[in-house]
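Here's the structure we're looking at; comments come further down.
The values are calculated or read from the model by the stated rules, or taken from the named source; none is laboratory data. What you see is a predicted model, and the numbers here were worked out from it, not measured in a lab. Note that each Cβ is placed from the backbone with ideal geometry, even for glycine, and that neighbours are counted across all protein chains shown. Calculation scope for accessible area: heavy atoms of the full protein, side chains included, ligands and nucleic acids excluded. Shrake-Rupley method; radii C 1.70, N 1.55, O 1.52, S 1.80 Å.
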Amino acid sequence: MSEDQVDGLGMSRPRDANYGLDVMDLRKIMEHHKHEGYEYIQEKYGGVLELCKQLYTSPNEGISGSPVDLEDRRKTFGSNVIPPKPPKTFLQLVWEAIQDVTLIVLIVAALISLGLSFYPRSEGEGSDSSESEAGWIEGVAILGAVVVVVLVTAFNDYQKEKQFRGLQSKIEHEHQFSVIRGGQDKNIPVGEIVVGDIAQVKYGDLLPADGLLIQSNDLKVDESSLTGESDHVKKGVKTDPMMFSGTHVMEGSGKMLVTAVGVNSQTGIIFALLGASSEEGDKDKKKEKKDKNRLKGEEGNGGTRTNMAGQNTPLLSSDADTKVDIDSITPVITGNNSHNNATNANNKTANQGEEDEKEQKAKVETARKEKSVLQGKLTKLAIQIGYGGTAVAVLVVLILIVKFCVIEFGIEGKSWGADDTAIYIETFVFYFIIGVTVLVVAVPEGLPLAVTLALAYSVRKMMDDNNLVRHLDACETMGNATAICSDKTGTLTTNRMTVVQSYIGRAHHKSTPNFNSLAPPLQDLIVRSIAINSGYTSRVLPDKDGGLPQQLGNKTECALLGFILDLGQQYYPIREEVPEEALFKVYTFNSVRKSMSTVINMKFGYRLFTKGASEIVLKKCNYILDCDGKPKPFTMEDQEKVVKNVIEPMAGDGLRTICVAYKDYHTDSSTKTEDSEEILKPDHDWEDEDSVVRNLTCILVVGIQDPVRDEVPASIKQCQSAGITVRMVTGDNVNTARSIATKCGILTPHDNFLVLDGKEFNKRIRDAKGEVSQELLDKVWPDLRVLARSSPQDKYTLVKGIIDSKKSSSREVVAVTGDGTNDGPALKKADVGFAMGISGTDVAKEASDIILTDDNFTSIVKAVMWGRNVYDSIAKFLQFQLTVNCVAVMVAFFGACIINDSPLKAIQMLWVNLIMDTLASLALATELPSPELLKRKPYGRTKALISRTMTKNILGHSIYQLIVVFVLLFAGNNLFEIDDGKYAKIHAPPSQHFTIIFNTFVMMTLFNEINARKIHGQRNILEGLRRNPVFIGIWIGTFVAQIILVQFGGTVFSTKALTLDQWFWCVFLGVSTLLWGQIITTIPTSVIPKNICRKRKTPEVEDEEEEEVEEVDGMPGRRGQILWIRGLARLQTQIRVVNAFQMDFDTSQLDSYDKRSRPSVISLQSLQSAQHRSAISKKPNLASSPEIDEGNNRSPLFGRQDSIPYADE
């Protein structure tokens, strides 16, 4: 390599030389797969090591990593970034905000009113100049209010989208990958990976780039996200060296040469195609309406792909990125799932109508399944309010028109003349505006903003508490959690592992033994077995500040390596002597075998090292080394003694027990000296692990201490007092788990709770046929507190059983923690899945809802507190909003019935409902959580959103406010000795009478906002007020705005300036709301019937109702529901912003796509459906998708199941 330029360690391209390959050459390599790919590389380039030379990289030291070299590689081969779809502009958001039906109706009504005000009238109509001047003001004022509402909504959406994109960027930056640069292992953000990097892949990784294997150990990859096939693909340097971005490493480890990044990788190619397809799809849909059959002949891959390239080119970040010639792209397809031909697409077109119907049903089903607990309750509530509001609004308009016609044409006997047309139409428009305003008031416009603000505010604050929220709904769902199934290692414990006891040479050492006192054969075997049979990425480094050594990699392996250092030995020289490339065979650790084995070459043949769970490895041992290092027979009686006298006492002390063993295989019988050694058969199959890892010789057993975190017992006590059951689910043995659970406080000495291992658990919950029985499970889970030696399938079964159970009246809401690849199903199934940020695999993080950046159980408790705070914040706003709505609707209704007018004018109600309530949502949604949130039981899945206490408050305050308003309406002119404002003509100048009613109503609403801060019957409504400066600022600001509006609003706001005396009475009646609140608190809640707040329908019926709602919004349904459903659409609009957080590309064409997950790659089936719009887009077959095709695919993780029901089924 003398011609290569070396910067320290690692290589970079010399200035006077070019790379031996370009982007197209590398892409052509990656188009081959399996053994064919290996042969192609061998024939054309002479092997992967020659490719390394042509890319100026070293398989052992990697690239130099110098800034100049990195920039050069990015310029030549592209950067590892897939350009996101540009965010919506402010004008686009304005256009979306103005789509609200109620706003459109208001605009139309205001324009009609405005137009009629300029309609020329005859002199005999009796209108004075002041009326004609005021005629246009109301229309302009309403239009102005609509403009303000639209701008505020668009600005909020713009801010939220910006915030969520920032959060998404943070999540992506958190994703790091291990590469070798300059001869050193480094973890770098995936966006910084370049072609030529040597990446170290390991169990649980999500591959960020395409590459070729240089070395592998028992490597298996889940490529279902590319191929749709769930079987894991075994990878090897000679068998199948091709590694693709977006696939998951399910077992093993290895090193790969990065050959394609960003838009040139498989993920990038598919995203480029998909991003353009969404735009093409809109055009194609329009064409389909005119002529569906035209698509067959005229729509080809070429045209679509050209457009795709055109769309994506401006977004790319370098010259190399623009080299994606979409026409030449052939995405890699392995297996039999290829549909990459036009015939298939055309065949599907014939059944288009039928598939359309299925697709729509799938969309409805998906939308219904992904609803969170709170979303479901809010949807149901909004529907009920919508029905009521629509009914009242229609009734108001009908009453006003009928009453006007009866009096005008019936009683007074007038006729409709041509000259009266303008007046009558204007009158009807005026009544129509009142009706629409009632509807606007009835639909809680501030509710969606309150929901989004509460969630966004909490998400931002939760990041400070080490909770990185990936899915917004998880935030509030956590507040309903009734059960937490937690891992032990790292979550309840410190994950700082140390060997504190050992059993060597049949002697039990309670401290680190003296290395020199051990027999030489023992010394050599102990050091070599641990140094070699551990992941080479696991290391123990001295701390720079002289503190505890730094543990990198697997913590259990670090504890064993630390044990070697404690013995005064070094493991590095042995690893240099036996590098990773020299290992003959590796059986990597997984949750099934619970052990790891490594085979190395020896002069006499082969030596196998094994380490793993003590009771599992000991069962495979037929020999044990004595104090002289000689193998002695290890009978069943000896095993039982070791278990009873060594392992159980260690486990009783809360130690994790690991057994280390070995076995020698001789190729020549003449070299065999011990009975424990075995002669290797010529046709020995090294892939048959069971035949290799047997008849072992035990070297030592160690007890590893992982102390309980200091803060965990207090946190668990908090959970228990908050009504949350904490269960430990661990892979450790029963005794270790019981000891740790007792130290944590999950178990107490006098409890009768169950502690089971996986074997006993399955025995209890399975029926005679071996199937899991919900009835049997319901007998186990309520008392179960510790599940030990559990598999990921056991964890999934437990979580699913608790969620599906109807044993408890409120239905359980379950949170789960996980860190391993196989924890994915349980994390998906759980209502809230927590992944470990430090020890968690990429697969676990992809499946999770929240990432714990410190792996600490205490952070889960903080998430519970924030979740409950979100729920309470929304409930507070609901209590406030519904009181306002109830009073305003009733006042408008009875005003229309009695005085042919609403005491609260349209523009005034718009101010109250759309502006003040928007501010109130901000004020009430930014309350900080308090410890008292953890002193009550969780709400549960089925408890009504509006509690009996809230109902009492809403009704109580509504009655008070209605009495005050109606007294002022009918007696106010006499009490204040002012002119009567009732029965005024249209466009009559504003009166002090109606201004006092409006002002008093606003004052009562303002002071009721303070009452609304408490929803559980607390008397001290000012408690914690100083901790919320936002609330204080908004409240004072609204008060000041009201003063300005009343004193200077004039005709625009239908107000007339009030005197100081009148202001005093308005404020007094407002303050009285606080006193009235204390009286309401005194009234026992039992006076409210339970039936009002109880859900009387079965969950199945509710699901059907929700499905109906989705039908109305998503496809033709009952048209009468459209008006109020679109009001509810404001709620959905806010939630849609989450899409920007979850995906970079437009989800409008992917409604059936799983919005809860953000996988890195979309399946080919989905891609081709997007390309050929003549074929129906189907849900991708992703491992992380909630609806895997049950008919065709087996589970990627569990062979026993046909599919993994990731979502509620």
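Here are a few things to note about the model shown:
- Helices (runs of 4 or more DSSP H) lying entirely in the stretch 901-1016 (those with 1 or more residues that are modelled with pLDDT under 80, within 45 Å of the chain's Cα centre (by Cα) and over 22 Å from W866 (Cβ atoms)): 906-910, 917-925
- Close pairs (9 angstrom Cβ cut-off, 6 or more residues apart or separate chains): within 22 Å of F634 (Cα to Cα) and open to solvent by 40 Å² or more (accessible area, probe 1.4 Å) in the stretch 674-703, of a type in the set (A, V, I, L, M, F, W, C) and assigned to a strand (DSSP E or B) anywhere: N695/C621
- Flag for D218 being modelled with pLDDT under 85 and assigned to a loop (DSSP other than H, G, I, E, B): no
- Qualifying residue in the stretch 932-948 (condition: more than 30 Å from V814 (Cβ to Cβ) and open to solvent by 20 Å² or more (accessible area, probe 1.4 Å)): no
- Tabulated pairs, the stretch 8-27, first farther than 14 Å from N264 by Cα and open to solvent by 60 Å² or more (accessible area, probe 1.4 Å), second in a strand (DSSP E or B) and modelled with pLDDT under 80, C-beta under 9 angstrom, 6+ apart or interchain: R15/Q5
- Residue count, the stretch 579-600 (criterion: acidic (D, E) and open to solvent by less than 50 Å² (accessible area, probe 1.4 Å)): 1
- Exactly one residue out of A835, A830, A826 is within 12 Å of the chain's Cα centre (by Cα) and either more than 18 Å from E476 (Cβ to Cβ) or open to solvent by 10 Å² or more (accessible area, probe 1.4 Å) (or both): that is A835.
- Restricting attention to the stretch 554-563 and to residues that are under 37 Å from the mean Cα position of the chain (by Cα) and more than 18 Å from T598 (Cα to Cα), the residue that is least open to solvent (accessible area, probe 1.4 Å) turns out to be A559.
Yes/no per residue for (1) farther than 15 Å from L51 by Cβ; (2) assigned to a loop (DSSP other than H, G, I, E, B); (3) open to solvent by less than 10 Å² (accessible area, probe 1.4 Å); (4) out of contact with any Leu (no Cβ under 7 Å at 6 or more places or on another chain):
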position: G191; (1), (2), (3), (4): yes, no, no, yes
position: G196; (1), (2), (3), (4): no, yes, yes, no
position: G204; (1), (2), (3), (4): yes, yes, yes, yes
position: G211; (1), (2), (3), (4): no, no, yes, no
position: D231; (1), (2), (3), (4): yes, yes, no, yes
position: S245; (1), (2), (3), (4): yes, yes, yes, no
position: V263; (1), (2), (3), (4): yes, no, yes, no
position: I270; (1), (2), (3), (4): yes, no, yes, no
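- Of the candidates T482, T498, the single residue that is under 18 Å from V832 (Cα atoms) and surrounded by fewer than 24 Cβ atoms within 10 Å (Cβ to Cβ) is T482.
For every residue, the table says whether it meets (1) in contact with a Pro (Cβ under 6 Å, 6 or more places away or on another chain); (2) open to solvent by less than 20 Å² (accessible area, probe 1.4 Å); (3) under 19 Å from S597 (Cα atoms); (4) free of Cβ contacts under 8 Å to residues at least 24 places away in the same chain.
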{"site": "V527", "(1), (2), (3), (4)": "no, yes, yes, no"}
{"site": "I530", "(1), (2), (3), (4)": "no, yes, yes, no"}
{"site": "G546", "(1), (2), (3), (4)": "no, no, no, yes"}
{"site": "Q550", "(1), (2), (3), (4)": "no, no, no, yes"}
{"site": "L565", "(1), (2), (3), (4)": "no, no, no, no"}
{"site": "Q570", "(1), (2), (3), (4)": "no, no, no, yes"}
{"site": "E577", "(1), (2), (3), (4)": "no, no, yes, yes"}
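- Candidate set: the stretch 987-1030, residues that are of a type in the set (S, T, N, Q) and open to solvent by 10 Å² or more (accessible area, probe 1.4 Å); chosen: the one farthest from L975 (Cα to Cα): Q1018
- Index of the failed condition, K876 passing every other in (1) surrounded by 24 or more Cβ atoms within 10 Å (Cβ to Cβ); (2) touching a strand residue (DSSP E or B) at 6+ places or on another chain (Cβ under 7 Å); (3) among the charged types (D, E, K, R): (2)
- Unique residue being within 22 Å of G731 (Cα to Cα), assigned to a helix (DSSP H, G or I) and among the β-branched types (V, I, T) when the list is I838, I802, I851: I802
- Residues in the stretch 398-424 that are touching a helix residue (DSSP H, G or I) at 6+ places or on another chain (Cβ under 6 Å) and open to solvent by 60 Å² or more (accessible area, probe 1.4 Å): K414 alone.
- The residue that is surrounded by the fewest Cβ atoms within 10 Å (Cβ to Cβ), counting only those in the stretch 88-103 that are at pLDDT 80 or above and not in a helix (DSSP H, G or I), is T89.
- T1073 being assigned to a helix (DSSP H, G or I), modelled with pLDDT of 90 or more, hydroxyl-bearing (S, T, Y) and touching a Ser or Thr at 6+ places or on another chain (Cβ under 7 Å): no
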